[in-house]
1. Does Thr240 satisfy the condition of being assigned to a loop (DSSP other than H, G, I, E, B), within 27 Å of the chain's Cα centre (by Cα) and within 20 Å of Asp75 (Cα to Cα)?
2. Quick check, is Val338 modelled with pLDDT of 95 or more, part of a strand (DSSP E or B), over 19 Å from Leu9 (Cα atoms) and among the aliphatic types (A, V, I, L, M)?
3. Which condition number in (1) away from ligand 2 (no atom under 14 Å from the Cβ); (2) touching a residue at least 40 places away in the same chain (Cβ under 8 Å); (3) under 19 Å from Asp308 (Cβ atoms) is the one that Ala245 fails?
4. Would you confirm whether or not the range 1-14 contains a residue that is at positive phi, near ligand 1 (Cβ under 10 Å from one of its atoms) and crowded, with 23+ Cβ neighbours inside 10 Å?
5. Just checking, which of Ala39, Ala77 is in contact (Cβ under 8 Å) with a residue 12 or more places away in the chain, farther than 20 Å from His203 by Cα and under 15 Å from the mean Cα position of the chain (by Cα)?
6. Go through the range 290-308 and give me each residue that's away from ligand 2 (no atom under 15 Å from the Cβ) and out of contact with any strand residue (DSSP E or B) (no Cβ under 8 Å at 6 or more places or on another chain).
7. What pairs can you find where one residue is in the range 335-354 and closer than 21 Å to Val318 by Cα, the other is in a loop (DSSP other than H, G, I, E, B) and not charged (D, E, K, R), and their Cβ atoms are less than 6 Å apart, with a gap of 6+ or different chains?
8. Quickly run through the range 93-115 and pick out the residues that are under 21 Å from Ile179 (Cβ atoms) and crowded, with 21+ Cβ neighbours inside 10 Å.
Amino acid sequence: MKVDVLLGLQWGDEGKGKVVDVLTPRYDVVARFQGGPNAGHTLEFEGQKYVLRSIPSGIFQGDKINIIGNGVVLDPALFKAEAEALEKSGHPLKERLHISKKAHLILPTHRILDAAYEAAKGAAKVGTTGKGIGPTYTDKVSRNGLRVGDILHNFEEKYAAAKARHEKILRSLNYEYDIAEIEKQWLEGIDYLRQFHLVDSEHEVNGLLKAGKSILCEGAQGTMLDVDFGSYPFVTSSNTICAGACTGLGLGPNKIGDVYGIMKAYCTRVGAGPFPTELFDETGKTIRDLGHEYGAVTGRERRCGWIDLVALRYAIMVNGVTQLILMKSDVLDGFDVVKACVAYQVNGEEIDYFPYDITEGVEPVYVELPGWKTDMTKMTSEDEFPEEFNAYLSFLEEQLETPIKIVSVGPDREQTIERYID
Ligand code: GDP
Ligand code: IMO
Ligand code: MG
């Protein structure tokens, strides 16, 4: 059995949560491999809406095992709030959710350090989610981190040492903070975490594969936020690409099967950083309003622009994407013309590859396609697609040299259309 990976190809918020939920019935296990509560994955079904932060999006479909892998960073306080809300809404998860002992813990002081570093950067700030992601991964890589497994032995001692080290840094930054309340919640979260199956997830996933089980890995963020290949330094602190599923779960690369790359029919970005196809005009505002492009958790306004095929070709390349999933085309249902960026103009020269630096002087070159001017939100089969929409799909497939397997025409689980392709 192989492992399939579903991941974002843009700057996050492509609709990963929705599609993981839709695909879950085909798998035995769903696993998160990187990121943490910086993610906000929205699912809608039976008139209910859920936003998941740390818990995999396979939690609503039957009794599937859901795994939080070693590559994830976990905030026990936020995790407790999320898990308790799910349990309360009739979705018990203690028996089905397994958490890697090697996943790193986000400490209260990591969150404070995140804010302090952002404040120190001033105008150059990244616009992080403020969840302590960067400082936690920094401690992991500099070999100072605390892991979930640490809560099982001498935890108080280890926590006190880490906190003292962080407080020293905060003093050096002259950063004022109040830790009492968040620390109290965090310590309650640590106790809560002890009730879960804390596992060696690398043994578990490989054992499951050996036993013939199938696994769907759920990416968080998106390829353009990858710490190596994204728009550095305006990125997150983990490898969001397919290779992250190997390091974040302990899987050999030869275990990876399909790589589902998910993208919106346009493009959005939250936080600071370059965005070549960003629209500052009425069209951008229309896309934001029609697409409800506001952060799933923070409510922050998402920046909106046209689809960027140059960046997408790059994302498909670094991930080895085998199938594409197109989201939110319904947002463009009323448009007369839909644009797609096929190349960049850089210093008067047209290039079709993603360059080292997209900070300045990158002008998108657009192709205009006729809009389909049809409400597609109630469609259930590709046989109903209007001609112009089929032409749009063919154009994207040709440009991206990858088939589009699924088209999503609304936020609900049911608003998902699979195409007849191999
Ligand atoms: P994720 O982080 O990739 O899981 O995506 P988010 O949940 O942050 O953002 C996607 C948003 O678009 C959510 O509000 C979804 O409910 C919504 N959504 C997902 N698919 C579609 C779609 O096909 N059409 C529309 N209109 N909304 C969608
Ligand atoms: P999902 O999984 C969109 C962005 C932040 C910021 C940068 C770094 O829902 O797609 P961080 O807190 O990670 O250090 O912030 O990354 N960012 C996201 N943008 N969707 C996300 O997750 C994101 N997670 C982080 O806005 O620009
Ligand atoms: Mg999101």
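1. On the way: assigned to a loop (DSSP other than H, G, I, E, B): yes; within 27 Å of the chain's Cα centre (by Cα): yes; within 20 Å of Asp75 (Cα to Cα): yes.
Here the answer is yes, as Thr240 does meet what is asked.
2. Working: modelled with pLDDT of 95 or more: yes; part of a strand (DSSP E or B): yes; over 19 Å from Leu9 (Cα atoms): yes; among the aliphatic types (A, V, I, L, M): yes.
For Val338, the condition - modelled with pLDDT of 95 or more, part of a strand (DSSP E or B), over 19 Å from Leu9 (Cα atoms) and among the aliphatic types (A, V, I, L, M) - is met.
3. With respect to (1) away from ligand 2 (no atom under 14 Å from the Cβ); (2) touching a residue at least 40 places away in the same chain (Cβ under 8 Å); (3) under 19 Å from Asp308 (Cβ atoms), Ala245 is out only on (3).
4. yes
5. Details: Ala77 fails: under 15 Å from the mean Cα position of the chain (by Cα).
Residue meeting the stated conditions: Ala39.
6. Pass one, the range 290-308, residues away from ligand 2 (no atom under 15 Å from the Cβ): 290, 306-308.
Residue satisfying the conditions is Leu290 alone.
7. Cys341/Thr277
8. Of the range 93-115, the ones under 21 Å from Ile179 (Cβ atoms) are 104-115.
His104, Leu105, Ile106, Leu107, Pro108, Thr109, His110, Arg111, Ile112, Leu113, Asp114 - these are the residues of the range 93-115 that are under 21 Å from Ile179 (Cβ atoms) and crowded, with 21+ Cβ neighbours inside 10 Å.
The values are calculated or read from the model by the stated rules, or taken from the named source; none is laboratory data. Quick caveat: nothing in here was measured; it's all calculated off a predicted structure. For neighbour counting, all protein chains shown are included, and Cβ atoms are generated from backbone atoms with ideal geometry for every residue, glycine included.
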